[in-house]
Amino acid sequence: MIDARETFNGSWPFQPRYFEGNGFRMHYVDEGSGDPIVCLHGEPTWGYLYRRFIPPLAASHRVIVPDHMGFGKSETPSGREYSLRSHVENFTKLVEALDLTNITLVVQDWGGLIGSAFALRHPDRVKRLFLLNTVSGYGNAPPGLTPWFQFVLNHHKGGTLGEVLGHLNVNILSVMKIQGLENLSAVNSDWLAAYGSPFTTKEECIGAIEFPLDALLGRIQPYLAEGFPLIQNLKSKPAMLAVGMKDRAILPDTQIADFSAVWPGRPIIKLPHAGHFSQEDAPDTVIALIELFISSTK
(Lines give C-alpha, C1' and ligand atoms only; values in the text may rest on other atoms or scores of the structure.)
Protein backbone atom coordinates (compact mmCIF):
# COMPACT_ATOMS: atom_id res chain seq x y z
CA MET A 1 0.00 0.00 0.00
CA ILE A 2 1.31 3.45 -0.90
CA ASP A 3 2.03 5.76 2.00
CA ALA A 4 -0.86 8.16 2.59
CA ARG A 5 1.43 11.19 2.32
CA GLU A 6 3.04 10.18 -1.00
CA THR A 7 2.44 12.73 -3.78
CA PHE A 8 4.86 11.39 -6.39
CA ASN A 9 6.75 14.64 -6.68
CA GLY A 10 3.57 16.69 -6.55
CA SER A 11 1.81 14.87 -9.40
CA TRP A 12 -0.81 13.52 -6.94
CA PRO A 13 -1.37 16.46 -4.56
CA PHE A 14 -4.77 15.41 -3.22
CA GLN A 15 -5.60 14.88 0.43
CA PRO A 16 -5.93 11.18 1.23
CA ARG A 17 -9.14 9.98 2.85
CA TYR A 18 -9.94 6.50 4.11
CA PHE A 19 -13.05 4.43 4.63
CA GLU A 20 -12.78 1.36 6.86
CA GLY A 21 -16.37 0.10 6.74
CA ASN A 22 -15.40 -2.76 4.41
CA GLY A 23 -12.92 -4.25 6.87
CA PHE A 24 -9.87 -2.72 5.20
CA ARG A 25 -8.55 0.79 4.56
CA MET A 26 -10.14 1.93 1.31
CA HIS A 27 -8.55 5.11 -0.02
CA TYR A 28 -10.42 7.80 -1.88
CA VAL A 29 -10.03 11.41 -2.95
CA ASP A 30 -12.84 13.86 -2.28
CA GLU A 31 -12.35 17.30 -3.83
CA GLY A 32 -14.68 20.21 -4.63
CA SER A 33 -18.37 20.62 -3.91
CA GLY A 34 -21.68 20.20 -5.68
CA ASP A 35 -23.23 17.17 -7.35
CA PRO A 36 -20.78 14.26 -7.23
CA ILE A 37 -18.69 12.91 -10.06
CA VAL A 38 -17.32 9.50 -9.09
CA CYS A 39 -14.42 8.19 -11.19
CA LEU A 40 -13.68 4.45 -11.15
CA HIS A 41 -10.42 2.94 -12.38
CA GLY A 42 -9.65 -0.56 -13.59
CA GLU A 43 -6.71 -2.88 -14.18
CA PRO A 44 -3.87 -2.41 -13.16
CA THR A 45 -4.22 1.28 -12.25
CA TRP A 46 -5.63 3.39 -9.41
CA GLY A 47 -6.97 6.89 -8.85
CA TYR A 48 -3.75 8.34 -10.25
CA LEU A 49 -5.26 7.67 -13.67
CA TYR A 50 -7.65 10.59 -13.03
CA ARG A 51 -5.07 13.05 -11.69
CA ARG A 52 -5.62 15.48 -14.59
CA PHE A 53 -9.41 15.22 -14.29
CA ILE A 54 -9.80 16.15 -10.64
CA PRO A 55 -8.91 19.89 -10.64
CA PRO A 56 -11.04 20.98 -13.62
CA LEU A 57 -14.04 18.82 -12.68
CA ALA A 58 -13.80 19.86 -9.01
CA ALA A 59 -14.23 23.49 -10.06
CA SER A 60 -17.97 22.81 -10.40
CA HIS A 61 -18.57 19.41 -8.82
CA ARG A 62 -17.59 17.21 -5.90
CA VAL A 63 -15.12 14.73 -7.40
CA ILE A 64 -14.62 11.40 -5.65
CA VAL A 65 -11.99 8.94 -6.84
CA PRO A 66 -11.74 5.68 -4.88
CA ASP A 67 -9.08 2.99 -5.15
CA HIS A 68 -10.46 -0.53 -5.33
CA MET A 69 -9.34 -3.12 -2.80
CA GLY A 70 -5.80 -4.17 -3.70
CA PHE A 71 -4.99 -1.05 -5.73
CA GLY A 72 -3.42 2.35 -5.18
CA LYS A 73 -3.47 3.62 -1.62
CA SER A 74 -6.08 1.08 -0.55
CA GLU A 75 -5.05 -1.97 1.43
CA THR A 76 -4.64 -5.44 -0.07
CA PRO A 77 -6.10 -7.65 2.63
CA SER A 78 -5.35 -11.37 2.54
CA GLY A 79 -8.10 -13.93 2.72
CA ARG A 80 -10.56 -11.78 0.77
CA GLU A 81 -12.32 -12.62 -2.48
CA TYR A 82 -11.11 -10.31 -5.25
CA SER A 83 -14.18 -10.66 -7.44
CA LEU A 84 -16.52 -8.34 -9.30
CA ARG A 85 -19.14 -8.93 -6.61
CA SER A 86 -16.71 -7.97 -3.83
CA HIS A 87 -15.58 -4.80 -5.58
CA VAL A 88 -19.19 -3.72 -6.16
CA GLU A 89 -20.06 -4.40 -2.52
CA ASN A 90 -17.02 -2.41 -1.35
CA PHE A 91 -17.95 0.50 -3.58
CA THR A 92 -21.59 0.37 -2.47
CA LYS A 93 -20.66 0.70 1.19
CA LEU A 94 -18.43 3.69 0.43
CA VAL A 95 -21.20 5.46 -1.51
CA GLU A 96 -23.69 4.76 1.25
CA ALA A 97 -21.29 6.01 3.94
CA LEU A 98 -20.79 9.24 2.00
CA ASP A 99 -24.54 9.32 1.21
CA LEU A 100 -23.95 10.24 -2.43
CA THR A 101 -26.89 10.92 -4.73
CA ASN A 102 -27.28 12.41 -8.20
CA ILE A 103 -23.97 10.76 -9.12
CA THR A 104 -22.27 11.07 -12.48
CA LEU A 105 -20.28 7.85 -12.84
CA VAL A 106 -17.11 8.09 -14.94
CA VAL A 107 -15.98 4.52 -15.47
CA GLN A 108 -13.11 2.83 -17.29
CA ASP A 109 -12.08 -0.83 -17.73
CA TRP A 110 -13.34 -2.80 -14.68
CA GLY A 111 -14.82 0.44 -13.41
CA GLY A 112 -17.46 0.00 -16.14
CA LEU A 113 -18.60 -3.35 -14.79
CA ILE A 114 -18.46 -2.16 -11.18
CA GLY A 115 -20.24 1.12 -11.87
CA SER A 116 -22.93 -0.47 -14.05
CA ALA A 117 -23.64 -3.22 -11.51
CA PHE A 118 -23.94 -0.55 -8.84
CA ALA A 119 -26.19 1.70 -10.94
CA LEU A 120 -28.75 -0.97 -11.77
CA ARG A 121 -28.97 -1.96 -8.09
CA HIS A 122 -29.06 1.63 -6.80
CA PRO A 123 -30.72 3.72 -9.52
CA ASP A 124 -31.86 6.26 -6.95
CA ARG A 125 -28.25 7.31 -6.40
CA VAL A 126 -27.07 7.55 -10.05
CA LYS A 127 -27.92 10.37 -12.46
CA ARG A 128 -25.85 9.40 -15.51
CA LEU A 129 -22.95 7.23 -16.72
CA PHE A 130 -19.94 8.20 -18.81
CA LEU A 131 -18.22 5.04 -20.05
CA LEU A 132 -14.63 5.14 -21.21
CA ASN A 133 -12.86 2.14 -22.76
CA THR A 134 -15.12 -0.32 -21.02
CA VAL A 135 -18.30 -2.36 -21.17
CA SER A 136 -21.30 -2.50 -18.85
CA GLY A 137 -21.43 -6.28 -19.12
CA TYR A 138 -25.16 -6.22 -19.88
CA GLY A 139 -25.06 -5.85 -23.66
CA ASN A 140 -24.29 -9.52 -24.41
CA ALA A 141 -21.54 -8.45 -26.80
CA PRO A 142 -19.02 -11.19 -27.71
CA PRO A 143 -15.74 -10.14 -26.07
CA GLY A 144 -13.24 -11.39 -28.66
CA LEU A 145 -9.69 -12.36 -27.78
CA THR A 146 -7.67 -9.14 -27.61
CA PRO A 147 -3.86 -8.96 -27.30
CA TRP A 148 -4.30 -8.41 -23.56
CA PHE A 149 -6.48 -11.44 -22.95
CA GLN A 150 -4.34 -13.55 -25.29
CA PHE A 151 -1.40 -12.59 -23.09
CA VAL A 152 -3.36 -13.49 -19.94
CA LEU A 153 -4.58 -16.77 -21.45
CA ASN A 154 -1.09 -17.84 -22.56
CA HIS A 155 0.39 -17.21 -19.14
CA HIS A 156 -2.56 -18.79 -17.35
CA LYS A 157 -2.20 -21.96 -19.43
CA GLY A 158 1.55 -21.92 -18.84
CA GLY A 159 1.13 -21.45 -15.10
CA THR A 160 3.12 -18.21 -15.19
CA LEU A 161 0.40 -15.55 -14.86
CA GLY A 162 0.99 -15.12 -11.13
CA GLU A 163 4.67 -14.58 -11.77
CA VAL A 164 4.22 -12.12 -14.65
CA LEU A 165 1.52 -10.03 -12.94
CA GLY A 166 3.19 -10.54 -9.57
CA HIS A 167 5.97 -8.10 -10.47
CA LEU A 168 3.99 -5.05 -11.57
CA ASN A 169 6.34 -2.85 -9.60
CA VAL A 170 8.92 -3.39 -12.36
CA ASN A 171 6.85 -4.27 -15.45
CA ILE A 172 3.83 -1.98 -15.06
CA LEU A 173 4.68 -0.03 -18.23
CA SER A 174 5.01 -3.19 -20.33
CA VAL A 175 1.68 -4.50 -19.08
CA MET A 176 -0.11 -1.22 -19.77
CA LYS A 177 1.41 -1.07 -23.26
CA ILE A 178 -0.01 -4.52 -23.99
CA GLN A 179 -3.43 -3.22 -23.00
CA GLY A 180 -3.05 -0.11 -25.11
CA LEU A 181 -1.14 2.81 -23.65
CA GLU A 182 -0.39 5.17 -26.51
CA ASN A 183 0.86 8.42 -24.94
CA LEU A 184 4.35 7.42 -23.86
CA SER A 185 5.30 11.10 -23.51
CA ALA A 186 3.40 11.02 -20.21
CA VAL A 187 5.78 8.41 -18.82
CA ASN A 188 8.53 9.63 -16.50
CA SER A 189 10.01 8.51 -13.19
CA ASP A 190 7.07 9.88 -11.20
CA TRP A 191 4.59 8.11 -13.49
CA LEU A 192 6.46 4.81 -13.15
CA ALA A 193 6.68 5.15 -9.40
CA ALA A 194 3.01 6.03 -9.06
CA TYR A 195 1.72 3.10 -11.06
CA GLY A 196 4.28 0.60 -9.77
CA SER A 197 4.25 1.46 -6.07
CA PRO A 198 1.07 -0.40 -5.08
CA PHE A 199 2.68 -3.66 -6.16
CA THR A 200 5.92 -4.01 -4.20
CA THR A 201 5.33 -7.69 -3.41
CA LYS A 202 3.64 -10.57 -5.19
CA GLU A 203 1.01 -10.64 -2.45
CA GLU A 204 0.11 -7.03 -3.19
CA CYS A 205 -0.58 -7.97 -6.82
CA ILE A 206 -3.47 -10.35 -6.02
CA GLY A 207 -6.14 -7.86 -7.11
CA ALA A 208 -4.40 -7.27 -10.43
CA ILE A 209 -4.01 -11.00 -11.01
CA GLU A 210 -7.62 -11.86 -10.20
CA PHE A 211 -9.31 -9.15 -12.27
CA PRO A 212 -8.45 -10.59 -15.74
CA LEU A 213 -8.99 -14.17 -14.54
CA ASP A 214 -12.50 -13.20 -13.42
CA ALA A 215 -13.34 -12.36 -17.03
CA LEU A 216 -11.25 -15.01 -18.77
CA LEU A 217 -12.64 -17.89 -16.72
CA GLY A 218 -16.23 -16.63 -16.81
CA ARG A 219 -16.41 -16.11 -13.07
CA ILE A 220 -18.28 -12.82 -13.47
CA GLN A 221 -21.21 -14.39 -15.32
CA PRO A 222 -23.30 -15.54 -12.31
CA TYR A 223 -23.11 -12.08 -10.77
CA LEU A 224 -24.00 -10.40 -14.07
CA ALA A 225 -26.94 -12.80 -14.45
CA GLU A 226 -28.28 -11.65 -11.08
CA GLY A 227 -28.44 -8.11 -12.40
CA PHE A 228 -30.28 -8.71 -15.68
CA PRO A 229 -33.80 -8.51 -14.13
CA LEU A 230 -32.90 -4.95 -13.14
CA ILE A 231 -31.54 -3.94 -16.55
CA GLN A 232 -34.23 -1.30 -17.11
CA ASN A 233 -32.72 0.68 -14.22
CA LEU A 234 -29.55 0.98 -16.28
CA LYS A 235 -31.23 1.58 -19.63
CA SER A 236 -33.17 4.52 -18.19
CA LYS A 237 -30.03 6.50 -17.32
CA PRO A 238 -28.38 9.00 -19.67
CA ALA A 239 -25.13 7.52 -20.94
CA MET A 240 -22.23 8.33 -23.24
CA LEU A 241 -19.36 6.15 -24.45
CA ALA A 242 -15.89 7.34 -25.45
CA VAL A 243 -13.77 4.69 -27.16
CA GLY A 244 -10.02 4.78 -27.59
CA MET A 245 -9.85 3.08 -30.98
CA LYS A 246 -6.37 1.67 -30.31
CA ASP A 247 -7.63 -0.25 -27.26
CA ARG A 248 -5.92 -3.66 -27.06
CA ALA A 249 -7.62 -4.79 -23.84
CA ILE A 250 -11.29 -4.54 -24.90
CA LEU A 251 -12.12 -4.52 -28.60
CA PRO A 252 -13.62 -1.17 -29.66
CA ASP A 253 -16.32 -3.06 -31.58
CA THR A 254 -17.21 -4.96 -28.40
CA GLN A 255 -17.48 -1.74 -26.44
CA ILE A 256 -19.72 -0.17 -29.06
CA ALA A 257 -21.94 -3.27 -29.35
CA ASP A 258 -22.32 -3.60 -25.57
CA PHE A 259 -23.15 0.10 -25.16
CA SER A 260 -25.58 0.20 -28.10
CA ALA A 261 -27.49 -2.81 -26.78
CA VAL A 262 -28.04 -1.18 -23.38
CA TRP A 263 -28.33 2.45 -24.51
CA PRO A 264 -29.46 2.46 -28.17
CA GLY A 265 -29.11 5.82 -29.83
CA ARG A 266 -27.01 7.37 -27.05
CA PRO A 267 -23.80 9.19 -28.07
CA ILE A 268 -20.64 7.25 -28.92
CA ILE A 269 -17.41 9.18 -29.46
CA LYS A 270 -14.45 7.53 -31.17
CA LEU A 271 -10.98 8.70 -30.13
CA PRO A 272 -8.78 7.64 -33.05
CA HIS A 273 -5.38 8.10 -31.43
CA ALA A 274 -6.18 6.87 -27.91
CA GLY A 275 -5.81 3.37 -26.53
CA HIS A 276 -7.20 1.65 -23.47
CA PHE A 277 -6.11 4.42 -21.10
CA SER A 278 -7.75 7.44 -22.66
CA GLN A 279 -7.22 9.35 -19.41
CA GLU A 280 -3.51 9.24 -20.28
CA ASP A 281 -3.81 9.38 -24.06
CA ALA A 282 -6.41 12.15 -24.53
CA PRO A 283 -7.15 13.73 -21.13
CA ASP A 284 -8.22 17.17 -22.33
CA THR A 285 -10.63 15.72 -24.88
CA VAL A 286 -12.20 13.34 -22.38
CA ILE A 287 -12.57 16.06 -19.72
CA ALA A 288 -14.34 18.28 -22.27
CA LEU A 289 -16.63 15.40 -23.23
CA ILE A 290 -17.57 14.77 -19.59
CA GLU A 291 -18.38 18.44 -19.07
CA LEU A 292 -20.44 18.54 -22.28
CA PHE A 293 -22.27 15.35 -21.32
CA ILE A 294 -23.21 16.69 -17.88
CA SER A 295 -24.36 20.05 -19.22
CA SER A 296 -26.50 18.38 -21.90
CA THR A 297 -28.25 15.97 -19.50
CA LYS A 298 -29.42 18.25 -16.71
Share of accessible surface on carbon and sulfur in segment 145-184, whole %, 1.4 Å probe and ligands ignored, is 57
Rounded to the nearest whole number, the per residue volume of the convex hull around the C-alpha atoms of segment 48-126 in Å³ is 95
So the FRET efficiency between A4 and N171, C-beta based with R0 = 22 Å and rounded to 0.05, is 0.30
In whole percents, the bins of 10 Å from zero upward hold the Cα-Cα pairs of the chain as 6, 31, 40, 21, 2, 0
Comparing G115, G166, G72 in a Gaussian network model of the chain (Cα, 10 Å), the one with the largest mean-square fluctuation is G166
Other residues with Cβ under 12 Å from the Cβ of G144 give, with Lys and Arg +1 and Asp and Glu -1, a net charge of -2
Length gained, T101-S295, 0.36 nm per residue minus C-alpha separation, equals 68.1 nm
Per residue, accessible area of segment 174-298 with a 1.4 Å probe, heavy atoms of protein chains only, in Å², comes to 41
With 0.36 nm assigned to each residue of separation and the Cα-Cα distance removed, A193 to I269 gains 24.2 nm
Of the accessible area of segment 218-298, computed with a 1.4 Å probe and all protein chains kept, carbon and sulfur make up a percent value of 60
For segment 73-226, the Debye formula with one identical point scatterer on each Cα and no solvent gives log10 I(q)/I(0) at q = 0.08, 0.19 Å⁻¹ as -0.25, -1.40
Note on segment 105-237: contact order normalised by length, alpha-carbon pairs under 8 Å, 6 or more apart, percent, works out to 33
Across the alpha-carbon set of segment 1-149, Rg over Rh with Rh taken as the Kirkwood radius works out to 0.95
Segment 1-146 accessible area per residue, 1.4 Å probe, protein heavy atoms, integer Å², reads 32
Largest fluctuation, S136, S185, S260 only, Gaussian network model of the chain with Cα springs under 10 angstrom, belongs to S185
In whole percents, the bins of 10 Å from zero upward hold the Cα-Cα pairs of segment 173-298 as 11, 30, 36, 20, 2
Answer in debye to the nearest 20: the dipole magnitude of segment 52-191 about its Cα centre, from +1 Lys/Arg and -1 Asp/Glu charges placed on Cβ, is 260
In the chain, lysine pairs 8 or more places apart or on different chains with C-alpha atoms under 15 Å apart total 6
The percentage of the accessible area of segment 8-94 (probe 1.4 Å, all protein chains present) made up of carbon and sulfur atoms, to the nearest whole number, is 41
The correct pair for segment 14-85, radius of gyration to one decimal and Dmax as a whole number, both in Å and from Cα atoms, is 12.6, 40
Once both label points are put 7 Å beyond Cα along the C-beta direction, the R121-E163 separation in nm becomes 3.7
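The values are calculated or read from the model by the stated rules, or taken from the named source; none is laboratory data. Worth saying up front: this structure is predicted, and the values here are computed from it rather than measured. Cβ: placed from backbone, ideal geometry, glycine included. Neighbour counts: every protein chain shown. Surface accessibility is based on the protein's heavy atoms, side chains included, excluding ligands, DNA and RNA. Shrake-Rupley method; radii C 1.70, N 1.55, O 1.52, S 1.80 Å.
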